[in-house]
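Structure first, commentary second.
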Amino acid sequence: MSSETRARIGQFALLTMTVSAVFNIRNVINNNVAIGLASAPAFFLATILYFVPFTLIIAEFVAMNRDSESGVYQWVKTSMGGRWAFMAAFCYWFVNLFFFASLLPLVLVFTSYLVTGDEQTMSPWAITGLSIVIFAVATWVSTKGAKWIGTITSVGATAVLVLTGVFVIMSLIALAGGVEPATPITMGALAPDTSSFATTWAFLGTLAWIIQGVGGAESVGVFLNDLRGGVKAFVRTIVVAGLMIGLLYAVASLLMNVFVPVGGLELSNGLFVVMGAVGEYFGIPVLVTYRIVGLILLAATLGSLLMWTSTPVKIFFSEIPRGVFGEKVIKLNEHGIPWRAAWLQFAIVVPILIIPALGSGNINDLLEIVVNMTAATALIPPLLILLAYLVLRLRHDGAEREFRMGSRTTGLAITVFLLAVFSFVFIAGTTPVDQALWLTLVYNVGGVAIFLGLALAYAIWSRVTRHKTFFRAVFYMPTVTPMVAIAYVWKLMYNPQIGVFHSLLGIDLNWLHNSRWALPAVMAMTVWKDFGYAVILFLSALHSLPEDALEAASVDGASAWQRFRYVINPLLRPMTVFVVITSLISYVQAYVQILIMTEGGPGKSTYLISYIIFDEAFQKYDFGYASAIAFVLLVITAALTALSFSVSYRRSGGAR
């Protein structure tokens, strides 16, 4: 469709769309609830060290891909190719699906304050039903293109900027008038709590929320073709928006506890409590303040909802290669929106809105669940954008573009720094404070390494030994035996009174109740059970090796080790990669053996990620944290599964 037929937007509209997509004063509340006044310097540092350079990266990608309809997809494709572009677009769209579950209930909260001046009690199921209706309306509006979206977001974003400015000015006037802050603004209050490893790790985990809070600038890249002024106007507007947003976040966080002490706010009504206290100080009735704030936040939330309803759909479906989806799904309407894909998104989001309601008792419980579901995992799409930019500066720095973020060296240095920060914050945001990270690494990586080495060694040995059929059957039998039965048998074998290790070998050790030996004991059982699976695969690969290559190596005088190193091992490499990936998927999902044999103990020495999900959800009833970890596990498993399919495709002779 020709871009000349579309309605155009100006720089102010783009500025408000960026603010609507990125700035959310509720992020100030969320992080104040989590870490108090320490969120103020955290927001400031996140703006300077992350958001500003990330905004410049987005501007450079936009300058390089002026005719792109899909934004992120085309940016990644220009530097890393179609496969990575598809993964980036999919992650961006997929992660965003969970964001709706936290955004839609807030529309009801703000409507309640606007109409009644207070938060009305509603059951999670009523909230979910109304959220579905609201999302249906938002989906319809989002198909009307940038003009409609820009008009609505302009009203909401302008109003929330005014609200934030009024809050800052009134709080400063109150401080100047002699008001003693409810929580004094001191260096001690601004500093994060690092008195213990647990509090330090929790603060680092909260940085995932901070970075998410200043993220989202990439979303407006899809509207470049709708902007009057082109690339230069886009770069200028998005940089100004980034600086404005960072300053607002930092100052608002600094003043959030002037009237309400740290610990006195909740996720659903924290902003109303703060603004009500500010208004009351200046003689404004609380009910009036609540209704004004409700109206402003409702307008801003609706604008944000429209942005995030349309943008990921455009990114994922607009320029995906033909054949991935049906022609009807990706067809753009007269406004440049794949409208059928938008309604497909609606159908997928409906069950996501329903599931959190199963584990919540009220709207605060519901919000805690869905906020955790979207915090750290929202870092995945920008992480892929950073990787794409790193490749761009490494391999394609000579590509023509109107804007660059400094020299090649400067761009690479900034990108490497951002990737390091991202990786560390992502680990801190998704790894429980009471779980040593080395446990997961040792169990997954160490277990697979031992398992792989033993399986390969046996597969080679079995080619020359007698009774090979008998041994293969014996080793493969555990693979088809249920994990529950094997775990109970091995638990008896490890018993210090009647177990086989005690009775036959004379080893006087309580294996499963010793923090040093519990994890190796579980690993040994898992390796033994899965051993036959790898053996069968390696034997199949060994039998398919070309005999002439082995004979030529023997004729040339190669020793057995040299034949393995230079002939057998390279030929087995595709199978080895496949076994490693599929085994990692299995080990990451280890749960049954932990539950039966150790229950995560002793002293959390076997507290692995799958068992953590069970423990947090069904033992501690923290469904929010469990949902967040489960989603991370889903992403990891999906990535490994995609990699295994790619390896299988190459092994079958597919094109690279």
>> residue 199 - would you say it is hydroxyl-bearing (Ser, Thr, Tyr), at pLDDT below 85 and buried (at least 19 other Cβ atoms within 10 Å of the Cβ)?
In response: no
>> Going by what's in this entry, would residue 566 be described as within 27 Å of residue 493 (Cβ to Cβ) and aromatic (Phe, Trp, Tyr)?
In response: no
> Out of the residues in region 543-571 that are β-branched (Val, Ile, Thr) and over 28 Å from residue 526 (Cα atoms), which is surrounded by the fewest Cβ atoms within 10 Å (Cβ to Cβ)?
Replying inline: 555
>> Pull out all pairs, ordered by first then second residue, where Cβ-Cβ is under 7 Å, the residues are six or more apart or on different chains, the first lies in region 280-294 and is within 10 Å of residue 113 (Cα to Cα) and in a helix (DSSP H, G or I), and the second is open to solvent by 60 Å² or more (accessible area, probe 1.4 Å) and not polar (S, T, N, Q).
In response: 290/118
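Within region 536-555, identify whether any single residue is touching a Gly at 6+ places or on another chain (Cβ under 7 Å), on the phi < 0 side of the Ramachandran plot and assigned to a helix (DSSP H, G or I), and answer yes or no.
Start the filter on region 536-555 by keeping residues that are touching a Gly at 6+ places or on another chain (Cβ under 7 Å), which leaves none.
No, that holds for no residue.
One residue is enough: does region 572-584 have a residue meeting the conditions open to solvent by 50 Å² or more (accessible area, probe 1.4 Å), part of a helix (DSSP H, G or I) and closer than 28 Å to residue 481 by Cβ? Break it down into steps so the answer makes sense when it comes.
Our first condition is that a residue be open to solvent by 50 Å² or more (accessible area, probe 1.4 Å); within region 572-584, this holds for 573-574, 577.
Now restrict to residues that are part of a helix (DSSP H, G or I): 573-574, 577.
Narrowing further to those that are closer than 28 Å to residue 481 by Cβ: 577.
Yes.
Can you tell me which residue among 530, 508 is of a type in the set (Asp, Glu), surrounded by 17 or more Cβ atoms within 10 Å (Cβ to Cβ) and either closer than 30 Å to residue 613 by Cα or touching a helix residue (DSSP H, G or I) at 6+ places or on another chain (Cβ under 8 Å) (or both)? First the steps, then the outcome.
Values: 508 fails: surrounded by 17 or more Cβ atoms within 10 Å (Cβ to Cβ).
When all the criteria are applied, what remains is 530.
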>> Quick check on residue 306: is it farther than 28 Å from residue 339 by Cβ and assigned to a helix (DSSP H, G or I)?
In response: no
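Per-residue answers, yes or no, for (1) surrounded by 17 or more Cβ atoms within 10 Å (Cβ to Cβ); (2) not charged (D, E, K, R):
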| site | (1), (2) |
| --- | --- |
| 243 | no, yes |
| 247 | no, yes |
| 255 | yes, yes |
| 258 | yes, yes |
| 271 | yes, yes |
| 279 | yes, yes |
| 311 | yes, yes |
| 334 | no, no |
> What residue, among those in region 585-598 that are of a type in the set (Ser, Thr, Tyr) and assigned to a helix (DSSP H, G or I), is farthest from residue 536 (Cα to Cα)?
Replying inline: 587
> Quick one: which helices (runs of 4 or more DSSP H) sit completely within region 82-178 and have at least 2 residues that are in contact with a strand residue (DSSP E or B) (Cβ under 8 Å, 6 or more places away or on another chain), open to solvent by 20 Å² or more (accessible area, probe 1.4 Å) and under 30 Å from residue 383 (Cα atoms)?
Replying inline: none
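The values are calculated or read from the model by the stated rules, or taken from the named source; none is laboratory data. The shown structure was predicted, so the numbers you read here are calculated from the model rather than taken from an experiment. With ideal geometry, Cβ positions are generated from the backbone for all residues, glycine too; neighbour counts draw on all protein chains shown. Protein only, heavy atoms only, side chains kept; ligands, DNA and RNA dropped before computing areas. Shrake-Rupley method; radii C 1.70, N 1.55, O 1.52, S 1.80 Å.
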